[in-house]
Amino acid sequence: MTEVNRRNVFESYSSGIYSGNFFPSTYAIELTNACNIQCIMCPNCSIKDNSSFMTDDIFYRIIQSVREYADNILLYGIGEPLLHKHFIKYLKYARANTNAKLWLSTNGLLLTKDIGKDLINSGLDNLLISVDAFKEETYSSIRRGGDFNLLKNNIHDFIQLMQQVSKSDNRKPKTYVQLIQMKQNMDEADAFKKYWSNYDVNINIINYQQWGSKLEYIIDNDIQKKKCEPNQRKACSDLWNKMVFDCNGNVVLCGYDFQRNNLLGNIMDKSIREIWHGAVLNNVRKKHINKEYSSISICSNCKDWTIIPPRYNEIETVEKMILGKPA
């Protein structure tokens, strides 16, 4: 079903069809909106309630609802997922009940050896570890409240655990160390890549995003170039291919809506079909097709589509993202 659904998603998106027999293939599930540090590029500390944790019944309902369509399940949101006491249980449940690729993103501070062993045995496919610096002082200025040396030690311990797993063992998750580029760390990107290239990890360097223009830019204009003109903007492919759940089971119109002002429904009250093909979301898709972005509050001033234009504006890349075809 997932392959058929992927084709339906892409054909609907590329043909400008705003409603039909398609469902997202990517699902972001926020296990908690609580966090153990305060990062300067994250709006977590500014949200109204940042102390909620997903319950078992909500998580199980989500997995059972999306299992037929899911190619990717992202078990993270605006909080630190390792703070959830049941996150390993949830990973194992998702692994047992779906064929989706499972992703987890963490700041790594809670990644002890015991948790590392549990992750390797959980069925996790991809682990993203946010570092964002090569120097300790830079890390401390970006990831406030974090411990740079603890993080590095945790990563190295996890790498050692991974080395003990046979290459033929499919339990071994693909591990990434990540740096979000901003003015505080731009001059460290090369050193970051050089250092981590000595270890068995993948290096992920990405541009800072503005959370739908709800946060001020914290990087220099000459660093983050605008790569698209307004008339080049196309409909956001996330509206066809990605569903975002907050930790209370609400489906959010956009993952950048950190205040959760645009809710489409709750999984405990509505089905996936009722939410994904409801009047509100169908209307938003239609407005994107007609380039009526200014009539949608969360989209009206969004600049993130200019930062990562291939994701939203090059149909070949959208095809690769959804169908897995070479761009």
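The values are calculated or read from the model by the stated rules, or taken from the named source; none is laboratory data. All values derive from a computational prediction rather than experimental measurement. Backbone-built Cβ (ideal geometry, glycine too); neighbour counts: all protein chains shown. Just so you know, the surface numbers come from the protein's heavy atoms only, side chains and all, with ligands and any DNA or RNA stripped out. Shrake-Rupley method; radii C 1.70, N 1.55, O 1.52, S 1.80 Å.
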Contact order relative to length of the chain, as percent, for alpha carbon pairs under 8 angstrom and 6 or more apart: 21
Of all accessible heavy-atom area on the chain, the percent that carbon and sulfur account for (1.4 Å): 46
Bridge type composition, the chain - antiparallel percent by DSSP, nearest 5: 25
Percentage relative contact order, segment 55-134, counting C-alpha pairs under 8 Å, at least six apart: 32
Percent of C-alpha pairs per 5 Å bin, segment 94-204, short to long: 2, 12, 22, 23, 18, 12, 7, 3, 1
Computed lengthening from ASP190 to ARG273, 0.36 nm per intervening residue step minus Cα-Cα distance: 25.3 nm
Filtered chymotrypsin sites (Phe, Trp or Tyr not before Pro), segment 123-170: DSSP coil and at most 16 other beta carbons within 10 Å: none
For segment 173-187, 3J(HN,Hα) per residue [Karplus equation, 6.51 cos²θ - 1.76 cosθ + 1.60, θ = phi - 60°, Hz, x = Gly/Pro]: x, 6, 10, 10, 9, 10, 10, 8, 6, 7, 4, 5, 10, 4, 7
Loop-resident sites, segment 5-72, for chymotrypsin sites (Phe, Trp or Tyr not before Pro), counting at most 11 other Cβ within 10 Å (DSSP): none
Taking segment 1-136 and dividing mean pair separation by its residue count, relative contact order in percent (alpha carbons under 8 Å, at least six apart): 23
log₁₀ of I(q)/I(0) at q = 0.17, 0.20 Å⁻¹ - segment 42-170, Debye sum with one point per alpha carbon: -1.00, -1.26
Segment 225-279: trypsin sites (Lys or Arg not before Pro) in DSSP loop, at most 12 other beta carbons within 10 Å: LYS225, LYS226
Under 26 Å between alpha carbons - lysine pairs in segment 41-146 that sit 8 or more apart or on different chains: 13
Where GluC sites (Glu not before Pro) in DSSP loops with at most 16 other Cβ within 10 Å are excluded, longest remaining stretch of the chain: 69-215
Segment THR2-SER19, length gained on full extension (0.36 nm per residue, minus Cα span): 4.3 nm
Computed over the chain, the ratio Rg/Rh where both radii use C-alpha atoms and Rh is Kirkwood: 0.94
Spatial separation of Cα centroids for segment 45-115 and segment 163-202, in angstrom: 22
Accessible area per residue in Å² at 1.4 Å probe, computed on segment 1-143: 40
Value of D in µm² per second that Stokes-Einstein yields for segment 1-95, Kirkwood Rh from Cα pairs, at 20 °C (1.002 mPa s): 142
For segment 86-138, average projected area of the Cα convex hull in nm²: 4.2
